[in-house]
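Presented below is the structure to which this report refers.
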Amino acid sequence: MPSIWERTAQLPEFEPLRKDIRADALVVGGGLAGLLCAHELTQAGLRCVVAEAGRICGGTTKNTTAKLTAQHGLAYQKLLKRLGAERARAYLEANLTALDKLRALCQDIPCDFEATSNIVYSLNSRRELELEMSALDKIGHPASLVNEIPLPVPVAGAVRFDHQAQIHPLKFAAALAEPLPIFEHTRVLEIKTGQAVTEGGAIRADHIVVATHFPFLNKFGAYWLKLYQSRSYVLALEGGPDLGGMYVDASGKGLSFRNYGNTLLLGGGGRRTGKPGEGWAGLEDFALRHYPDAKPAARWAAQDCMTLDGAPYVGLYSPRLPRLYAVAGFNKWGMTSSMAAASLIADLILDRDSPCRQVFSPSRSILHPQLAVNAGESALHLLTPTRPRCPHMGCALKYNPQEHSWDCPCHGSRFDDDGALLDNPATGDLAHDK
């Protein structure tokens, strides 16, 4: 089920590592976040290399809907309540700056960049929209509260950010990757102080950035407890209407919309990985009822890491591991968040001040309700006496009939029918006794 992006872009190919090498910085993971980290560090004058276990952009990047926006749902009323005005503003400014940087990069990259608005709508709660507008007013960002939007469902209203954008993510990533020293099919097996070990050789580096979607070093940072993964689904409708913007449901459980040329991308069906869901069925039913003349042209699924409090984990992997950094947990907003993360990583490595350092710190408080949910899911599926078991931490896998995969409800690893690894944090295939 290749995405529309995979069908319309050609990514460069890179050789695997075959000898020991030395660099100032190593980025582990060749998705958009890893590529942007490498780009920022290279621009700062560091010798930086990328090690990718498979092909670059082979995970979430190829399945994104590629919205470039600082409006991450109705995030700011929650951030204001949890973090206060100063840190909520720092989160906003980090993403606005990231959007400006991406816009500047896109001037020299043919990636179908299109300036547009982002709109977060609510089906039934005007009050939550008013609260978001109040939060935005307190941290000093302009937005519009609108009553009507061109969707085929009644809404209570929407909050609109103007001057946002959308792109073709793989065309952008291909140009970003071209000049970088990248090693594909180079899985990092072990990270020691100042060194990463792969099957093809060792990479010595003063700084190592783990940008592997879900951090894979379990002994440090407790990411297995601080993160869970969510799957969502996209249906591409050829001949769908041009809606003139990007749209997402405020609840996070409804539908999202954006256009690409004459194709409407309809997203939704979100659920915790490993939990039952209808996959594309709900999207297909919605399309049949509301866009009967549109033709389904492609369908795919994305997987996102979700944090405890809605902000990414970007910074030192653990206070016990100096010069080892984590980049994870974009909560379905990976485009601007990847650029914000890359900027912060460069600031940390170069010892520059950054107002979002504490907001994104992986060592910040974990005392949030989602922690109990994550712990409960892990305990439940660790104790479930069924097979197959996930090689990551031993949880019982659940079969996903929509995608013909074995999915982990604890941490989100996925495997195909033959046991081959599809999504991390697991680092290897299922045992043959599946």
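The values are calculated or read from the model by the stated rules, or taken from the named source; none is laboratory data. Remember, predicted model here, so these are calculated numbers, not experimental data. Because the Cβ atoms are built from the backbone with ideal geometry, glycine has one as well, and the counts that use them run over all protein chains shown. Quick note on the areas: whole protein, heavy atoms, side chains included, nothing else; ligands and nucleic acids left out. Shrake-Rupley method; radii C 1.70, N 1.55, O 1.52, S 1.80 Å.
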* Asked: Here is a list of conditions, (1) touching a strand residue (DSSP E or B) at 6+ places or on another chain (Cβ under 8 Å); (2) free of Cβ contacts under 8 Å to residues at least 60 places away in the same chain; (3) surrounded by 15 or more Cβ atoms within 10 Å (Cβ to Cβ), and SER144 meets all of them except one; can you say which number that is?
  -> (3)
* Any idea which residue in the range 401-412 is most open to solvent (accessible area, probe 1.4 Å), counting only those that are free of Cβ contacts under 8 Å to residues at least 40 places away in the same chain and in contact with a strand residue (DSSP E or B) (Cβ under 6 Å, 6 or more places away or on another chain)? -> TRP406
* Structure fact -> Exception for TYR233 within (1) of a type in the set (Phe, Trp, Tyr); (2) in a loop (DSSP other than H, G, I, E, B); (3) open to solvent by less than 20 Å² (accessible area, probe 1.4 Å) falls at (2)
* Asked: Restricting attention to the range 163-171, does a residue exist that is more than 25 Å from ILE56 (Cβ to Cβ), open to solvent by 10 Å² or more (accessible area, probe 1.4 Å) and at pLDDT 95 or above?
  -> yes
* To do: Within the range 195-230, count every residue that is in contact with a Lys or Arg (Cβ under 9 Å, 6 or more places away or on another chain), on the phi > 0 side of the Ramachandran plot and open to solvent by 30 Å² or more (accessible area, probe 1.4 Å).
  => 0
* Asked: Inside the range 13-36, can you point out the residues that are out of contact with any Lys or Arg (no Cβ under 7 Å at 6 or more places or on another chain), more than 28 Å from GLY267 (Cβ to Cβ) and open to solvent by less than 50 Å² (accessible area, probe 1.4 Å)?
  -> PHE14, PRO16, LEU17, ILE21, ALA25, LEU26, VAL27, VAL28
* Structure fact -> Selection from the range 256-276 of residues surrounded by 20 or more Cβ atoms within 10 Å (Cβ to Cβ) and assigned to a loop (DSSP other than H, G, I, E, B) yields THR273, GLY274
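Among SER251, SER318, which is the only one that is under 28 Å from PRO401 (Cβ atoms) and hydroxyl-bearing (Ser, Thr, Tyr)?
SER251
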* Asked: Which of the residues belonging to the range 37-58 are open to solvent by 20 Å² or more (accessible area, probe 1.4 Å) and not in a loop (DSSP other than H, G, I, E, B)?
  -> HIS39, GLU40, THR42, GLN43
* Structure fact -> Scanning the range 129-141 for residues that are out of contact with any Phe, Trp or Tyr (no Cβ under 7 Å at 6 or more places or on another chain) and not hydroxyl-bearing (Ser, Thr, Tyr), the one least open to solvent (accessible area, probe 1.4 Å) turns out to be LEU129
* **For GLU238: the one exception among (1) of a type outside the set (Gly, Ala, Ser); (2) closer than 21 Å to THR8 by Cβ; (3) open to solvent by less than 40 Å² (accessible area, probe 1.4 Å)** => (3)
* Condition test on PRO391, is it open to solvent by 60 Å² or more (accessible area, probe 1.4 Å), in contact with an Asp or Glu (Cβ under 9 Å, 6 or more places away or on another chain) and more than 30 Å from MET246 (Cβ to Cβ)? -> yes
* To do: Pull up the range 312-330, narrow it to residues that are of a type in the set (A, V, I, L, M, F, W, C) and modelled with pLDDT of 95 or more, then point me to the one that is nearest to ILE208 (Cα to Cα).
  => LEU324
* Structure fact -> Here the residues within the range 303-349 that are open to solvent by 10 Å² or more (accessible area, probe 1.4 Å), touching a strand residue (DSSP E or B) at 6+ places or on another chain (Cβ under 7 Å) and aliphatic (A, V, I, L, M) are MET306, LEU316, LEU324, MET335, LEU348, ILE349
* Asked: Tell me, which residue of the range 186-212 that is among the β-branched types (Val, Ile, Thr) and assigned to a loop (DSSP other than H, G, I, E, B) is modelled with the lowest pLDDT?
  -> THR193
* Asked: Which of the residues spanning the range 172-194 are among the small types (Gly, Ala, Ser), open to solvent by 10 Å² or more (accessible area, probe 1.4 Å) and more than 25 Å from PHE257 (Cα to Cα)?
  -> ALA175, GLY194
* To do: Among the strands (runs of 3 or more DSSP E) lying completely within the range 286-328, list those that include at least 3 residues that are small (Gly, Ala, Ser) and closer than 26 Å to LEU32 by Cα.
  => 295-306
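Taking the range 66-80 only, how many residues are assigned to a helix (DSSP H, G or I) and small (Gly, Ala, Ser)? It would help to see each step written out before you state the result.
Step one: of the range 66-80, the residues assigned to a helix (DSSP H, G or I) are 75-80.
Then keep just the ones that are small (Gly, Ala, Ser); that gives 75.
Qualifying residue count, the range 66-80: 1.
Residues checked against (1) modelled with pLDDT under 95; (2) in a helix (DSSP H, G or I); (3) aliphatic (A, V, I, L, M):
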{"site": "THR336", "(1), (2), (3)": "no, yes, no"}
{"site": "ASP347", "(1), (2), (3)": "no, yes, no"}
{"site": "VAL359", "(1), (2), (3)": "no, yes, yes"}
{"site": "SER365", "(1), (2), (3)": "yes, no, no"}
* Asked: Name the residues in the range 115-127 that are over 24 Å from LEU68 (Cβ atoms) and open to solvent by less than 80 Å² (accessible area, probe 1.4 Å), would you?
  -> SER125, ARG126
* Please verify whether the range 103-117 includes one or more residues that are touching a residue at least 60 places away in the same chain (Cβ under 8 Å), part of a helix (DSSP H, G or I) and among the aliphatic types (A, V, I, L, M). => yes
